[in-house]
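The values are calculated or read from the model by the stated rules, or taken from the named source; none is laboratory data. Please read these numbers as outputs of a predicted model, since none were measured by experiment. Cβ coordinates were reconstructed from backbone atoms using ideal geometry, including for glycine residues, and neighbour counts include every protein chain displayed.
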Amino acid sequence: MSSLIRPATEDDLALCLQLSGDCTTEHVWQIAQREVDDQIAVTMNDVRLPRPMSIEYPRRPTDIREIWNASDALLVAEQDGILGGYLDLHAERWHQMVWVKDLIVAEPYRRRGIGTALIQAAGRWARAEKMRALMVEAQSQNWPAICFYRKQGFAFCGFNERYYSNQIALFFARRVK
């Protein structure tokens, strides 16, 4: 099924805020850091959990509204005439980088191409804006997002233990195609 990707309108905002970014996972990335003398070693392992775990999306609707107010583009995806997802983009022009701050696909529309269509549209937007790379973030527990980003050609490029209040943030980047 094809998705229509377009800039969001004011009417779309309330619908976007109703979409849940929560997910369920059976895997997490476990991170271990070790310091010895002048060396820091970081290892990451895919750990299978004993039972599925629910992952709550790390931002509240009020946070998302603030991000939208500062964003350079908010794109929505429609499938079968229904808003099925969105992403917002924030350009850091000084180093030609575009951050995907939120990428949400409604549960019934996941694994139907909406996320891929949104990332492709973000790449086209970034290319038109003369940007060199896209950056995304994911919670270390959000295995579905990590797998999705890697499948889309994003490479792991760092982490921050203090980015979220209770989880580790993983960062991924890819060149604009």
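Figures for the structure shown
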| item | result |
| --- | --- |
| One residue from Ala126, Ala122, Ala91 being modelled with pLDDT of 95 or more, of a type in the set (A, V, I, L, M), part of a helix (DSSP H, G or I) and over 14 Å from the mean Cα position of the chain (by Cα) | Ala126 |
| Out of Trp29, Trp94, sole residue that is over 22 Å from Ser3 (Cβ atoms), without any contact (Cβ under 8 Å) to a residue 12 or more places away in the chain and among the aromatic types (Phe, Trp, Tyr) | Trp94 |
| Among (1) at pLDDT 95 or above; (2) touching a Cys at 6+ places or on another chain (Cβ under 8 Å); (3) not aromatic (Phe, Trp, Tyr) - the single one Ala77 does not satisfy | (2) |
| Set Ala70, Ala122: member being more than 25 Å from Val28 (Cβ to Cβ), in contact (Cβ under 8 Å) with a residue 40 or more places away in the chain and small (Gly, Ala, Ser) | Ala122 |
| Some residue of the stretch 93-112 being of a type in the set (Val, Ile, Thr) and surrounded by fewer than 18 Cβ atoms within 10 Å (Cβ to Cβ) | no |
| Qualifying residue in the stretch 66-79 (condition: β-branched (Val, Ile, Thr) and either crowded, with 19+ Cβ neighbours inside 10 Å or assigned to a helix (DSSP H, G or I) (or both)) | yes |
| Members of the stretch 125-155 that are in contact (Cβ under 8 Å) with a residue 60 or more places away in the chain and touching a Leu at 6+ places or on another chain (Cβ under 7 Å) | Ser140, Ile146 |
| Residue that is modelled with the lowest pLDDT [pool: residues in the stretch 4-55 that are of a type in the set (Asp, Glu) and closer than 18 Å to Gln167 by Cβ] | Asp46 |
